[in-house]
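Report on one structure; see the data block that follows.
The values are calculated or read from the model by the stated rules, or taken from the named source; none is laboratory data. All values derive from a computational prediction rather than experimental measurement. Don't worry about glycine lacking a Cβ; one is built from the backbone with ideal geometry, like all the others, and counts go over all protein chains shown. What goes into the accessible areas is simple: the full protein's heavy atoms, side chains included, and nothing from ligands, DNA or RNA. Shrake-Rupley method; radii C 1.70, N 1.55, O 1.52, S 1.80 Å.
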Amino acid sequence: MENTGINHYLDAAKRSMAWHKDYAKQMKKCRFDTIAVHGIYSMQEALDFNQGSIIEPIYMSTSQAYRDSDEMEAALSYQIPTWCYSRIANPSMYYFEGVLALLETYGSNVEASCIATASGMAAIQTAVNQFLLPDPKKPDATRNFVATTKVYGGTFQQFAIRKDQERRIEWRKVVHSEDINEWESLIDENTRFLYGEMPSNPGQAFFDLEKIIELAHKYGIPMIVDSTVATPALMRPLVMGADIVVQSVSKTIGTSGFGIAGAVIARKDLVSNVDNPAMKADFAMYVKTLPNRDNGPNISPMNAILALNDIRTLRSRVDMQSKSTMTISKYLEQHKHVEQVDYLGLDSHPLHDLASKYLWLVDSEHDEHYGEKVNRYGHLMSFHVKGGAKATRDVFDAFQRIWRATDLGRIKSVATRPAISTHSQQGEEGRKLAEIPPNLIRLCVGAEHPDDIIADLDQALSVLDGNKISSYAPEYSAGGASSATLRR
Ligand SMILES: *Cc1c(COP(=O)(O)O)cnc(C)c1O
């Protein structure tokens with residue numbers, strides 16, 4: 001036998017894995033903020049491997065070196081902790097994945113693992129693809145999945161074009177996601193999973209998640225939830241029994257806006273009618289080491305650490321931004337040029353009661369200022385301008401403090417018009433399904449003082465009283481970005 005020295009490495013791996021498992025177990029006992037700040041990066045690890053660096057290091061390296069053939073062999077057969085090549089894994093990604101797995105299962109005994117991806121869309125693809133493979137026993141059987149239509153525009157395209165149209169995997173559309181009967185009527189023996197975005201971007205659609213999870217499990221299929229808008233600071237679907245959570249880390253989690261990233265967080269031993277025991281036992285690890293190794297949608301170590309850095313303050317930031325969004329929603333609700341305000345936090349929202357069942361600020365009962373569980377509804381809201389598309393365009397174009405961009409979750413307030421941006425690809429019909437009218441402005445409230453955002457909204461809405469707005473004269477660079485001089 002060539003590899004007699006391999007046991008030496010396997011023993012060390014066993015010791016190390018036991019130590020790390022125990023450390024994560026200790027961390028699990030801490031409060032949310034503590035986990036968010038420390039994650040799975042320990043002082044021990046810093047001293048042993050990272051020159052004592054108190055902050056998680058960015059390993060900008062393509063690959064890892066091995067001591068000898070034995071170690072390489074053990075590593076490449078995944079018998080020892082390794083990261084071999086950064087397309088598959090990397091220590092910086094590992095710290096990032098570790099903290100997300102802990103936060104999404106906070107306050108429970110649920111065990112989960114996480115795989116980070118280069119984008120939220122890659123995360124969605126990573127989350128669903130394994131369930132959509134042909135059944136070797138029934139290669140000709142049709143395959144379908146049941147998912148809500150009120151989803152992020154990119155998700156709509158991935159499902160409608162890449163899955164349904166290009167690969168003939170039927171997307172069975174749930175139009176009224178609050179209606180459980182509609183979900184159930186679409187399920188048959190070829191349904192592979194249920195999927196919902198909650199609250200949805202931008203419509204803030206909401207459904208009774210616990211009931212839908214129950215429904216999925218009744219049919220032996222997984223429930224996948226895009227929880228980007230809520231984040232684990234407000235809602236943790238895995239704890240309620242969901243099988244997989246998808247995060248576009250580019251958004252609220254990675255609030256600084258330094259880059260694009262995504263994550264899939266999956267419970268161990270998930271429910272699925274696909275016959276693949278290894279996949280079900282540890283979905284994220286399976287996908288990381290096999291399909292995503294071959295497909296290559298991995299996150300970069302730099303983006304992983306930048307996002308990790310934002311996670312540390314997630315809870316207090318979401319709290320603050322939620323409170324500001326409530327203040328701003330109330331201001332807009334009474335404004336004469338505003339037809340309607342959609343914010344789950346408002347009593348007037350038809351899904352307010354349902355949202356109040358699910359959206360709670362984590363650990364508020366342990367916060368000396370609150371001392372009890374408090375609802376928070378996040379920083380995504382939208383409003384409809386009176387006077388149709390033209391009036392909406394004028395108000396939108398008048399923003400000076402609020403950034404016009406197709407973005408969400410930023411530390412700075414950002415507004416977009418979904419009908420001409422995020423949801424333009426899916427056409428009139430698709431927009432109707434997703435309920436995106438042309439006079440809708442989506443506003444994502446940042447961490448500024450709300451008075452200043454209200455002042456900007458006030459001056460922008462005043463253009464409908466005949467106030468003049470300033471405009472920009474554009475110049476384009478070859479790269480496509482414009483520079484502009486302010487013309488007043
Ligand atoms: C933006 C977004 C996505 C896609 O994420 P990217 O990181 O942009 O690829 C998925 N779901 C929701 C809810 C989003 O807002």
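For region 138-150, filtering for residues that are in contact (Cβ under 8 Å) with a residue 40 or more places away in the chain and either small (Gly, Ala, Ser) or open to solvent by 80 Å² or more (accessible area, probe 1.4 Å) (or both) leaves 3. Of all the residues in region 108-132, those that are closer than 17 Å to Leu270 by Cα and open to solvent by 40 Å² or more (accessible area, probe 1.4 Å) number 2.
Only one entry of Glu182, Glu170, Glu197 meets the criterion of being buried (at least 24 other Cβ atoms within 10 Å of the Cβ), in contact with a strand residue (DSSP E or B) (Cβ under 9 Å, 6 or more places away or on another chain) and modelled with pLDDT of 95 or more, and that entry is Glu197. Tell me, please, whether a residue that is more than 16 Å from the ligand (Cβ to nearest atom), basic (Lys, Arg) and either within 21 Å of the chain's Cα centre (by Cα) or open to solvent by 40 Å² or more (accessible area, probe 1.4 Å) (or both) can be found in region 439-458. No, every residue in region 439-458 fails to be more than 16 Å from the ligand (Cβ to nearest atom), basic (Lys, Arg) and either within 21 Å of the chain's Cα centre (by Cα) or open to solvent by 40 Å² or more (accessible area, probe 1.4 Å) (or both). Tallying residues that are closer than 20 Å to Val229 by Cβ and assigned to a strand (DSSP E or B) within region 317-338 yields 0.
Scanning region 394-423 for residues that are under 19 Å from Gly120 (Cα atoms) and part of a loop (DSSP other than H, G, I, E, B) returns Ala405, Thr406, Asp407, Leu408, Gly409, Arg410, Ile411, Ser421, Thr422, His423. Among residues of region 251-288 being closer than 16 Å to Ile411 by Cα and either assigned to a strand (DSSP E or B) or open to solvent by less than 10 Å² (accessible area, probe 1.4 Å) (or both), the one that is farthest from the ligand (Cβ to nearest atom) is Thr255. Answer yes if at least one residue in region 207-214 is modelled with pLDDT of 95 or more, assigned to a loop (DSSP other than H, G, I, E, B), within 13 Å of the ligand (Cβ to nearest atom) and buried (at least 24 other Cβ atoms within 10 Å of the Cβ), and no otherwise. No, there is no match, as no residue in region 207-214 is modelled with pLDDT of 95 or more, assigned to a loop (DSSP other than H, G, I, E, B), within 13 Å of the ligand (Cβ to nearest atom) and buried (at least 24 other Cβ atoms within 10 Å of the Cβ).
Taking the criterion of being out of contact with any Lys or Arg (no Cβ under 9 Å at 6 or more places or on another chain) and part of a helix (DSSP H, G or I), the residues of region 351-372 that qualify are His352, Asp353, Leu354, Ala355, Ser356, Lys357, Tyr358.
From the residues in region 378-388 that are part of a loop (DSSP other than H, G, I, E, B) and more than 18 Å from Lys412 (Cα to Cα), which one is nearest to the chain's Cα centre (by Cα)? Top of the filtered list is Lys386.
Condition check: part of a loop (DSSP other than H, G, I, E, B) and outside the structural domain of Asn201 (by TED's automatic domain parsing). Does Leu346 satisfy that? For Leu346, the condition - part of a loop (DSSP other than H, G, I, E, B) and outside the structural domain of Asn201 (by TED's automatic domain parsing) - is met.
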